[in-house]
Amino acid sequence: MAFTFQDFPNARDDLRADVLAGLAAHPRTIPPKYFYDDAGCRLFEAICTQPEYALCRTEQALMHARLADIAAAIGEIECIVEPGAGDCSKVRLLLDALRPTRVVLIDIAGAPLAAAAQALASDYPAVDVNALAMDFLRDLESAGPWLSAGERLVYYPGSSIGNFPPAAASDLLTRFRHLAGPAGRLLIGFDLKKDPALLHAAYNDAAGVTAAFNLNLLTRLNRELDADFDPASFRHYAFYNPVAGRVEMHLVSLRPQDVNVAGTRFHFAEGETLHTEHSYKYRSDEFAALARAAGWQPAGEWLQDGFAVQLYR
Ligand code: AVI
């Protein structure tokens, strides 16, 4: 079993600076990557089991059903790189099907990544497993020394690309192009545009799990930035904007209130929103245009129940 873990302290996120800048801006906004503290990760897992939120289940079903076809289209691969690997569960199917000699797993949450990657290494003794703890948006290029020289596949499932506005998504796809190298490939999963009522329901589940996930951000800021948000004074508000092609998630202030965050006071008017997430939805041709502009050529597509997995070279 070969396993390495590397921490990149210079590529950690900066919660304090990002939150203070986001709260000072108008409209106020906080990057969605800050949802994922321990409680946020657990709440996201619970979202994925809600009847209204089919995204994760559909991608998993698609990957299982079409794996042989997807693997054949990908072809020979020496190394899989997964930015945002989380609990490293999704890459297992590809390890089984593609049998690469190396996998590079990147995530911002170092401790859970190390544990999950080590478990992966013991389950796949023939694979050289490398876990890199970093905010890949800051320093993806530092992964270079861990990549193998042979053919590489960048794997970016889960519609995480949807959480970036199109310009930032395009920039990320360009960086993936460099990460994959000239003979590289990209396998990416994203949520498709669909009936707005379905999208509205997916981000407003009846059990209130998405609301709890959104409000947990305030609890995190209270704990980690010595803030004094009253979560009961904010309302989860999510809606599909069909013109922009995205679900927007906000926390709306239910009354005029002052909030102190890391020693700075912010005033929220009644009805003012804190924008916490965009979740862009694409038509498959729209996404292909974005990927093409970033230097990728389409090499395969698999669709199921409003979800797409696309392969690029
Ligand atoms: C992780 N990401 C793709 C999810 C999404 O659908 O945008 C996060 C999420 N936000 C609310 N529900 C799920």
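The values are calculated or read from the model by the stated rules, or taken from the named source; none is laboratory data. If you're wondering where the values come from, they're calculated on a predicted model, not measured in any experiment. A quick note on method: Cβ atoms are made from the backbone with ideal geometry, for glycine too, and the neighbour counts reach across all protein chains shown. Side chains are part of the model used for accessible areas, which takes the heavy atoms of the whole protein and leaves out ligands, DNA and RNA. Shrake-Rupley method; radii C 1.70, N 1.55, O 1.52, S 1.80 Å.
Of all residues in region 247-277, those satisfying the criterion of being open to solvent by 50 Å² or more (accessible area, probe 1.4 Å) and either closer than 17 Å to PRO27 by Cβ or outside any strand (DSSP E or B) (or both) are LEU254, ARG255, PRO256, GLY263, HIS267, GLU270. Among residues of region 192-207 being open to solvent by less than 30 Å² (accessible area, probe 1.4 Å) and touching a strand residue (DSSP E or B) at 6+ places or on another chain (Cβ under 9 Å), the one that is nearest to the ligand (Cβ to nearest atom) is TYR203. For region 16-32, does any single residue satisfy the condition of being in a helix (DSSP H, G or I), touching a residue at least 24 places away in the same chain (Cβ under 8 Å) and within 16 Å of the ligand (Cβ to nearest atom)? Within region 16-32, one or more residues are in a helix (DSSP H, G or I), touching a residue at least 24 places away in the same chain (Cβ under 8 Å) and within 16 Å of the ligand (Cβ to nearest atom). Filtered by the rule that a residue be of a type in the set (S, T, N, Q) and either in a strand (DSSP E or B) or open to solvent by 30 Å² or more (accessible area, probe 1.4 Å) (or both), region 231-246 gives a lone residue, ASN241.
Does GLU301 count as within 27 Å of ARG152 (Cα to Cα), assigned to a strand (DSSP E or B), at pLDDT 95 or above and charged (D, E, K, R)? Here the answer is yes, as GLU301 does meet what is asked.
Scanning region 87-129 for residues that are open to solvent by 30 Å² or more (accessible area, probe 1.4 Å), in contact with a Cys (Cβ under 9 Å, 6 or more places away or on another chain) and of a type outside the set (A, V, I, L, M, F, W, C) returns ASP87, THR101, ARG102, PRO112, ASP128. When restricted to residues that are under 25 Å from MET249 (Cβ atoms) and either touching a residue at least 12 places away in the same chain (Cβ under 8 Å) or outside any helix (DSSP H, G or I) (or both), region 126-168 contains 15. Within region 130-150, the residues that satisfy the criterion of being open to solvent by less than 40 Å² (accessible area, probe 1.4 Å), within 25 Å of PRO31 (Cβ to Cβ) and among the aliphatic types (A, V, I, L, M) are ALA131, LEU132, ALA133, MET134, LEU140, ALA143. Among the residues of region 61-70, those that are touching a Leu at 6+ places or on another chain (Cβ under 9 Å) and open to solvent by 20 Å² or more (accessible area, probe 1.4 Å) comprise HIS64, LEU67.
Once region 33-50 is narrowed to residues that are open to solvent by 50 Å² or more (accessible area, probe 1.4 Å) and either among the hydroxyl-bearing types (Ser, Thr, Tyr) or away from the ligand (no atom under 14 Å from the Cβ) (or both), the residue that is farthest from the chain's Cα centre (by Cα) is THR49.
Among the residues of region 51-60, none is identified as polar (S, T, N, Q) and within 9 Å of the ligand (Cβ to nearest atom). Checked against (1) open to solvent by less than 30 Å² (accessible area, probe 1.4 Å); (2) in contact (Cβ under 8 Å) with a residue 60 or more places away in the chain, ALA227 meets all criteria but (2). Among what's in region 157-176 and is hydroxyl-bearing (Ser, Thr, Tyr) and at negative phi, pick the residue that is nearest to the ligand (Cβ to nearest atom). Of everything passing the filter in region 157-176, SER160 is nearest to the ligand (Cβ to nearest atom). A residue that is within 16 Å of the ligand (Cβ to nearest atom) and either charged (D, E, K, R) or closer than 29 Å to ALA97 by Cα (or both) occurs somewhere in region 220-234.
For region 173-191, what are the residues that are buried (at least 19 other Cβ atoms within 10 Å of the Cβ) and hydrophobic (A, V, I, L, M, F, W, C)? If the condition is that a residue be buried (at least 19 other Cβ atoms within 10 Å of the Cβ) and hydrophobic (A, V, I, L, M, F, W, C), then LEU173, PHE176, LEU179, ALA180, LEU186, LEU187, ILE188, PHE190 are the ones that fit.
Within region 278-288, the set of residues being over 23 Å from PHE213 (Cα atoms) and either open to solvent by 60 Å² or more (accessible area, probe 1.4 Å) or not in a strand (DSSP E or B) (or both) comprises ARG283, SER284, ASP285, GLU286, PHE287, ALA288.
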